[in-house]
Amino acid sequence: MPKNFASADRAPVVARSAHPTVPRTGGADTAVRLDAVTKAYGRGENAVPALRGIDIAIPRGSFTAVMGPSGSGKSTFLHCAAGLDRPSSGTVVLGGQELTALGETALTRLRRDRIGFVFQTYNLIPSLTVEQNITLPLRLAGRSADAAWLARITDQVGLTGRTGRRPGELSGGQQQRVAIARALVTRPEVVFGDEPTGALDTMTAKEVLGLLRRTVDELGQTVVMVTHDPVAAAYADAVLFLADGRIVDSMAEPTVERVADRMSRLGAWA
Ligand code: ADP
């Protein structure tokens, strides 16, 4: 079960501040930090507030799940933290770089070079092989793949021996593993996941969540994942709960039961 799996898997991890709600730690141990971030869609009387003041520092090498009722701001939070969208006010600092200070070209380059994305739909390029899909972010950046690193992540995601195949020859879970390897290939500051197991069956979802967990424990990767599934959230070191555009609670060492209980009390499944 995830609870046992997660605690067993975490046992060898050196103690770290898994509780990400200390807002202003900043510095080298912080992968991404949001200060006083607000976001409204539209203008004037029609403006819809999606984020109403987010202060959070996410420790490097941690796995954070973001949960909340529909419309609570999860996607907007992820998009602002990942430089896919600009806050209306406040600052986002990723790996020491203030995203909110960058122009479009620099921001695009930073997203490509320093951020990994894993989506619900795998977004692989069907005509490319597994290896070509994995190394695409490097080729776009004009960099070549480090053979040892490529071999390591290919092994980590369990795709050794399948790198010549095309996405159409793979199962959904295998395709998502390719997408995770692609997200890891640039050694990004943060891998952001938007419901990365939303399209997978329960067993395959657990495999993918276990893989994300190992990227944190074994590669020191930082992962931030939006999910509505307490089982998925229980793989994380900590869960942030959003409601109405604010972080209303957080939970360290989450279990399925505690997360589900907290979500019920947020009215998520009312
Ligand atoms: P969640 O991911 O938790 O469902 P979102 O971040 O998608 O929440 O949305 C937060 C709020 O912002 C909601 O009220 C939603 O309707 C609104 N919203 C999101 N995207 C847009 C948009 N492009 N235009 C207008 N309103 C939006």
> For residue 65, are the conditions met, namely being under 21 Å from residue 237 (Cα atoms) and either modelled with pLDDT under 95 or more than 16 Å from the ligand (Cβ to nearest atom) (or both)?
Replying inline: no
Scanning the stretch 68-120 for residues that are more than 16 Å from the ligand (Cβ to nearest atom) and part of a loop (DSSP other than H, G, I, E, B), the one farthest from the chain's Cα centre (by Cα) turns out to be 103
Out of (1) over 17 Å from the mean Cα position of the chain (by Cα); (2) touching a residue at least 40 places away in the same chain (Cβ under 8 Å); (3) surrounded by fewer than 17 Cβ atoms within 10 Å (Cβ to Cβ); (4) not in a loop (DSSP other than H, G, I, E, B), the one residue 158 does not meet is (4)
Residues of the stretch 121-145 being in contact with a Leu (Cβ under 9 Å, 6 or more places away or on another chain), of a type in the set (Val, Ile, Thr) and either assigned to a helix (DSSP H, G or I) or under 16 Å from residue 192 (Cα atoms) (or both), in sequence order, are 130, 134, 135
Filter the stretch 226-267 for residues that are of a type in the set (Ser, Thr, Tyr) and in a loop (DSSP other than H, G, I, E, B); the one that is farthest from residue 199 (Cα to Cα) is 255
Point to revise | Flag if residue 239 is closer than 26 Å to residue 34 by Cα, modelled with pLDDT of 95 or more, surrounded by 24 or more Cβ atoms within 10 Å (Cβ to Cβ) and β-branched (Val, Ile, Thr) | key: yes
Taking the condition modelled with pLDDT under 95 and not hydrophobic (A, V, I, L, M, F, W, C), does residue 204 pass?
yes
Among the residues of the stretch 223-236, the number that are crowded, with 24+ Cβ neighbours inside 10 Å and more than 16 Å from the ligand (Cβ to nearest atom) is 4
Taking the stretch 1-55 and the residues there that are part of a helix (DSSP H, G or I) and at pLDDT 85 or above, the one that is surrounded by the most Cβ atoms within 10 Å (Cβ to Cβ) would be 46
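The values are calculated or read from the model by the stated rules, or taken from the named source; none is laboratory data. What you see is a predicted model; the values in this text were computed from it and never measured. Cβ coordinates were reconstructed from backbone atoms using ideal geometry, including for glycine residues, and neighbour counts include every protein chain displayed.
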